[in-house]
Every structure is written in structure tokens, then in C-alpha cells.
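Only one structure is covered here, and it is reproduced in the block below.
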Amino acid sequence: MCPARATVRWVAAAWLAAAALPASAYVVIVTRGHRHDLDALRAVVGRDLRYVGLIGSRAKVVRVYEALLA
């Protein structure tokens, strides 16, 4: 049983970078607070995947896209 005030820390970017994802994989990045979205996206961009998606506002999409190009 997990205590009500427990904090779970999981580094999605590290897991995604190490994961052996097949070319048929669909990756959708959805994080709480969006603090780690860019790192997670960088971990999968350029890999041979069927789909990569990111949940966020239009403004966030623009910021993340510009950061990827930088």
C-alpha cells in the first residue's frame, strides 16, 4: 500500500533512452506539470518509431519545437 503523501519519482527520459522500442511502437509523452517533456521528447526524436506525440497547449508545442531546433 502506498502512503497518501508518498512521492513517486520516475525519470521518463532515462527510461525512454534505454528502452528497446520497436519500430511499431507508439510513444505519447504526458507528464504532470510538463517539466520533463522536452527531455523525454529528445530521448525518442530521431528513432524509428511509428508515432511520437506530446500532449500540451499550442504555446507549449511552439516552445518545445523551437527548443528541439536550437
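The values are calculated or read from the model by the stated rules, or taken from the named source; none is laboratory data. Fair warning: this is a prediction, and the values are worked out from it, not measured in the lab. Heads up, the Cβs are rebuilt from the backbone with ideal geometry, glycines too, and the neighbour counts pull from every protein chain shown. These area figures cover heavy atoms from the full protein model, side chains too; ligands, DNA and RNA do not enter into them. Shrake-Rupley method; radii C 1.70, N 1.55, O 1.52, S 1.80 Å.
Remarks
- Inside the stretch 36-49, residues that are surrounded by 16 or more Cβ atoms within 10 Å (Cβ to Cβ) and among the charged types (D, E, K, R) make up a count of 2.
- Pair list, Cβ under 9 Å, 6 or more apart: the stretch 13-37 residue closer than 18 Å to A67 by Cβ, other residue open to solvent by 60 Å² or more (accessible area, probe 1.4 Å) and at pLDDT below 85: A13/H36; I29/H36; H36/V11; D37/V30
- Cβ-Cβ distances below 9 Å connect the following pairs, each with a first residue in the stretch 57-70 that is more than 17 Å from V30 (Cβ to Cβ), a second residue that is open to solvent by 100 Å² or more (accessible area, probe 1.4 Å) and at pLDDT 85 or above, and a separation of six or more residues or different chains: A67/R42; L68/R42.
This table checks each residue for (1) open to solvent by less than 40 Å² (accessible area, probe 1.4 Å); (2) touching a helix residue (DSSP H, G or I) at 6+ places or on another chain (Cβ under 7 Å); (3) of a type in the set (G, A, S); (4) modelled with pLDDT under 90.
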{"position": "R9", "(1), (2), (3), (4)": "no, no, no, yes"}
{"position": "L16", "(1), (2), (3), (4)": "yes, yes, no, yes"}
{"position": "A23", "(1), (2), (3), (4)": "no, no, yes, no"}
{"position": "I29", "(1), (2), (3), (4)": "yes, yes, no, yes"}
{"position": "H34", "(1), (2), (3), (4)": "no, yes, no, yes"}
{"position": "Y51", "(1), (2), (3), (4)": "no, no, no, no"}
{"position": "L54", "(1), (2), (3), (4)": "no, yes, no, yes"}
{"position": "R58", "(1), (2), (3), (4)": "no, no, no, yes"}
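- Some residue of the stretch 16-26 being of a type in the set (A, V, I, L, M, F, W, C) and in contact with a Phe, Trp or Tyr (Cβ under 9 Å, 6 or more places away or on another chain): yes
- Of the criteria (1) at pLDDT 90 or above; (2) outside any loop (DSSP other than H, G, I, E, B), which one R47 fails: (2)
- Residues of the stretch 50-70 satisfying the condition of being assigned to a loop (DSSP other than H, G, I, E, B) and of a type in the set (K, R): R50
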